[in-house]
1. Given (1) buried (at least 24 other Cβ atoms within 10 Å of the Cβ); (2) farther than 24 Å from residue 324 by Cβ; (3) away from ligand 2 (no atom under 13 Å from the Cβ), identify the lone condition not met by residue 123.
2. Within the set of pairs 6+ apart or on separate chains, which have a first residue in segment 281-303 that is β-branched (Val, Ile, Thr), a second that is surrounded by fewer than 18 Cβ atoms within 10 Å (Cβ to Cβ), and C-beta atoms under 7 Å apart?
3. Being outside any helix (DSSP H, G or I) and within 15 Å of ligand 1 (Cβ to nearest atom) is the filter here, so list the residues in segment 155-171 that pass it.
4. So if I check each of 235, 276, which one is hydroxyl-bearing (Ser, Thr, Tyr) and within 12 Å of ligand 2 (Cβ to nearest atom)?
5. Go over the candidates 36, 30 one by one and state the one that is of a type in the set (Val, Ile, Thr), free of Cβ contacts under 8 Å to residues at least 60 places away in the same chain and near ligand 1 (Cβ under 9 Å from one of its atoms).
6. Conditions: (1) among the charged types (D, E, K, R); (2) touching a strand residue (DSSP E or B) at 6+ places or on another chain (Cβ under 8 Å); (3) more than 14 Å from ligand 1 (Cβ to nearest atom). Residue 24 meets all but one. Number of the miss?
7. If we keep just the residues of segment 43-59 that are within 12 Å of ligand 1 (Cβ to nearest atom) and of a type in the set (D, E, K, R), which is surrounded by the fewest Cβ atoms within 10 Å (Cβ to Cβ)?
8. Return the pairs, sorted by first residue and then second, in which the second residue is more than 7 Å from ligand 2 (Cβ to nearest atom) and at pLDDT 95 or above, the first residue lies in segment 184-195 and is at negative phi and acidic (Asp, Glu), the beta carbons are less than 6 Å apart, and the residues are 6+ apart or on different chains.
Amino acid sequence: MRVLVTGGAGFIGANFVHQTVAERPDAAVTVLDKLTYAGNRASLANLESVHLVVGDVADREVVDPLVADADLVVHFAAESHNDNSLRDPSPFVTTNLVGTFTLLEAVRRHGVRYHHISTDEVYGDLDLDDPAKFTPSTPYNPSSPYSATKAGSDLLVRAWVRSFGVEATISNCSNNYGPFQHIEKFIPRQITNLIDGVKPKLYGAGANVRDWIHVLDHNRAVWAIIEKGRIGETYLIGANGEKNNKEVVELILELMGHEPDDYEHVADRPGHDLRYAIDATRLREETGWEPTFKDFRSGLADTIAWYRANEAWWRPQKAEVEAKYAAQGQ
Ligand code: NAD
Ligand code: TDX
């Protein structure tokens, strides 16, 4: 099977490529990645069988021949960071909307199976004391330019299924953690701050809740949907991992040998979503998928060990990332 993975040099995509090469010897993997600030060639080191094409998913000339040569497209490429989308929404519109449109037109022309990677943020947020979780029928209500462009890309996929018969599935996953995550994101930012002797930075009071899932479990669910999912359907991926940000920072501090209150409160994110929570019943019932990382504490300990052992991978970006945050009081 020829698999085209877009965004395969980013966090989740690179893990997907490693898992696919290790577990599916019948898959020939090509990665299409623009290598933006978030893409890193080093995340695909030692994968000689993988063909990396450096290019833009919004560029029809690049996309068309690659899709024509594929049996399956798995679309991870995106501008993915909320804080960046508040500073400059422009690349979010181009990559997340025009990029998805360009891929959909190519899979339509060539009759190729397509899986669309999306996020729980398309549903907006939940109150802290609301017993509800997101389900596939929750109305879309995105808050940030990032989540609005992801929501728009999901709707394009649905329209291309209905109007043109494109064979597509969509998955909306909760917050991922694990190796190869860019250090602008919450968990790796705090781990690398502590390695540098800097206090973790908590937005606002730290009461916001995220539903954490290990990246390897996300990707296993993606393969389960590709193999067992129904065309045209949306599957929510989550592992019942709700924690507030303060609890996560306290756990990182404890696991790294510091006092649990040794962090700083910094300026909050404008429009900061309060809580995300996933009901993954459809995924579990239709595909039999179950998470394998059931203990957040040990998954986090492994992640901390990975960042300690792979300083050469993240060090070149640290000063620039922190300078951007400092400029906005974070
Ligand atoms: P990331 O920012 O780490 O990686 C994105 C990758 O896409 C990078 O390698 C980048 O170079 C590439 N890219 C960006 N613009 C491109 C373009 N125009 N053409 C080609 N390549 C381009 O992101 P991630 O955290 O790995 O997220 C991957 C996908 O998963 C995204 O679609 C995101 O919305 C979704 N998602 C992420 C999470 C999470 O917790 N990180 C949760 C749910 C869904
Ligand atoms: O330094 C920080 N301090 C802090 O308190 C940072 C960077 C973040 N935060 C808070 C903001 C959020 O409540 O931590 C939480 C997680 O922040 P991010 O890692 O930026 O993730 P989030 O905004 O929740 O979005 C993530 O999950 C959904 C991914 O980045 C998205 O790509 C995905 O769609």
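1. Answer for residue 123: the failing condition is (3).
2. 287/228
3. Residues satisfying the conditions are 168, 169, 170, 171.
4. 276 is the lone residue from the list that is hydroxyl-bearing (Ser, Thr, Tyr) and within 12 Å of ligand 2 (Cβ to nearest atom).
5. Answer to the check: 36.
6. (2)
7. 59
8. Sorted first by the residue in segment 184-195, then by its partner, the pairs are 184/321.
The values are calculated or read from the model by the stated rules, or taken from the named source; none is laboratory data. Treat the numbers as computed from the prediction; the structure is a model and nothing was measured. When we count neighbours, we look across all protein chains shown, and the Cβ atoms used for this are built from the backbone with ideal geometry, even at glycine.
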